[in-house]
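Note sheet for the following structure.
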Amino acid sequence: MFRIPKIAYIATVVLLLTGCAAKSSNDLVLVTHDSVVISKSLIARFEKSSGLKLTIVKAGDAGALTNKLVLTKGDPIADAVYGIDNTFIGKAEDNGILEKSTVTAIDYADICFNYDKTWFEAHAIATPKTWLELTQPRYKNLTVIENPTTSSTGLGFLAATVARFGEGKWQPFWSALKANGVKVDAGWEDAYYTDFSGSAGKGDYPIVLSYSSSPADEANTAAILDGCFRQTEYAATLTGSKNPTGAAKLIEWLGSLEFQNSMPASMYVYPINKKAAIPESWATKAPEATSSLGENLKISQRREAWLKQWGNLFG
């Protein structure tokens, strides 16, 4: 799930539409998760260059997006999808909702914990240096995360814990985290913009599961850069698309410098195109993780087992 600036988030209109795939050769429907931000001017330029009319449909967090596409497999709600990440891409491919030859990486970001520096200074509590410390009594009732069954951000962190402790050995950490008062939200927006004290929502939790790039838009937050999860997001043509030619043009455009250059400022992610421009301030305010865990796990094969075990702990 992208990290988006608060102004863009407030302005986003979430559309949950069904049965709206392209109806003519000039119509093209893209389904995304709620945090994708593509400006009107960018859309206008794409439409002018491609001769297509683009409609964007929002369908929840990346996990909810994937589940919705699986449920509507026989009658796809769009022609292309952008925002399924490496925690859910296996589920999408296993269910045959994507044209595999079209799956294309578009961006990446590091899922890391963020903390509110002002809150910790005011309460004279040392900030955590690693998420392993979040089970300590000093951090009781201070952390909010996302549910891994509905959020790619949450699932990424779950994978990181499996990688850190090993299969069958990660459950005690989660039990300790639960006992220490962790709050679990359905998606990233609720966790970051409502419950996190360091964002616009001014919530009650000074530690949030977010991204290494999130502090670029917040003056008084920082990220724990150790033991993060490298999240990669993809675009693809949906199986049964009514406009696969248009979908191919869109996917090519999403990888172009025109779009890739816009991503750091609009969605706070790293563009996959190494020629794209990255703000100079990101070197200090939004650096990549110093270490990451879990990307090499067989997530598609183990996801359901992990989620069942996680659900037994948090159900």
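Estimated from helices alone, the mean residue ellipticity of the chain at 222 nm is -9000 deg cm²/dmol (sum of -39500 (n - 2.57) over DSSP H runs with n ≥ 4, per residue).
Across the stretch 197-261, the mean sequence separation of Cα contacts (distance under 8 Å, 6 or more residues apart), normalised by length, yields a relative contact order of 17 percent. Straight Cα distances below 17 angstrom link K40 to the lysines K48, K53, K58, with same-chain residues fewer than 8 positions distant left out.
Taken over the alpha carbons of the stretch 27-171 as equal point scatterers, the Debye sum produces base-10 log I(q)/I(0) values at 0.10, 0.11, 0.16 Å⁻¹ of -0.50, -0.58, -0.96.
How high is the relative contact order of the chain, given as a whole-number percent (alpha carbon pairs under 8 Å, six or more residues apart)? 26 percent. Relative to the longest principal Cα axis of the chain, at what angle does helix 244-254 sit, 0 to 90 degrees, rounded to 10? The angle comes out near 50 degrees. Among N261, N26, N114, the residue with the largest mean-square fluctuation in a Gaussian network model of the chain, with springs joining Cα atoms closer than 10 Å, is N26. Rg and Dmax, both from the Cα atoms of the stretch 144-234 and both in Å, are 13.2, 39.
Over the alpha-carbon set of the chain, divide Rg by the Kirkwood Rh and report the Rg/Rh ratio to two decimals. Walk me through the intermediate numbers first.
Values: Rg = 19.1 Å, Rh = 19.8 Å.
My calculation of the ratio gives 0.97.
Dipole orientation for the stretch 207-301: of the candidates G240, A223, L209, G240 has the Cα lying most toward the positive pole (charges on Cβ; Lys, Arg +1; Asp, Glu -1). Under 12 Å between alpha carbons, and skipping anything fewer than 8 positions from K183 in its own chain: which aspartates and glutamates qualify? Hits, sequence-local ones excluded: E146, D195, D204. Using only Cα atoms, find the angle between the long axis of helix 62-71 and the longest principal axis of the chain, and express it within 0 to 90 degrees, rounded to the nearest 10. Rounded to the nearest ten degrees, it is 50.
The base-10 log of I(q)/I(0) for the stretch 36-83, evaluated at q = 0.20 Å⁻¹, reads -0.76 [Debye formula, identical scatterers on Cα atoms, solvent excluded].
Counting only Cα atoms, the size of the stretch 178-221 along its three principal axes is 31, 16, 16 Å, in decreasing order. For V57, the amide hydrogen comes within under 5 Å of the amide hydrogens of L30, V31, T32, counting only partners 5 or more places away or on other chains and with H modelled in the peptide plane. Apply the Karplus curve 6.51 cos²θ - 1.76 cosθ + 1.60, θ = phi - 60°, to the phi angles in the stretch 192-209 and return the couplings in whole Hz, x for Gly and Pro. Here the 3J(HN,Hα) series is 7, 8, 10, 9, 6, 6, x, 10, 4, x, 6, x, 9, 10, x, 10, 9, 7 Hz. Only one residue of S256, S197, T87 has its Cα farthest out toward the positive end of the dipole of the chain, where Lys and Arg carry +1 and Asp and Glu -1 on Cβ, and that residue is T87. Pairs of Cα atoms nearer than 8 Å and 6+ residues apart set the relative contact order; for the stretch 195-315 it is 29 percent. Couplings for the stretch 273-282, taken from phi via the Karplus curve 6.51 cos²θ - 1.76 cosθ + 1.60 with θ = phi - 60°, read 6, 5, 8, 6, 7, 10, x, 4, 5, 5 Hz in order; Gly and Pro are left as x. In summary, the convex hull built on the alpha carbon positions of the stretch 93-148 has an orientation-averaged projected area of 6.5 nm². Sorting the segments 118-128, 265-275, 63-73 by their residues' average number of neighbouring beta-carbon atoms within 10 angstrom, most packed first, yields 63-73, 265-275, 118-128. If only the Cβ of Lys and Arg carry +1 and only the Cβ of Asp and Glu carry -1, the dipole of the chain around its Cα centre is close to 240 debye.
Charges only on Cβ, +1 for Lys and Arg, -1 for Asp and Glu: so what's the dipole of the stretch 156-315 about the Cα centre, in debye to the nearest 20?
The calculation lands at about 540 debye.
Taken together, the values in this text are just the output of simple stated rules run on the coordinates, not laboratory data. None of the values given here were measured: they were computed from a predicted structure. As a convention, Cβ positions derive from the backbone with ideal geometry for all residues, glycine included, and neighbour counts pool all protein chains shown.
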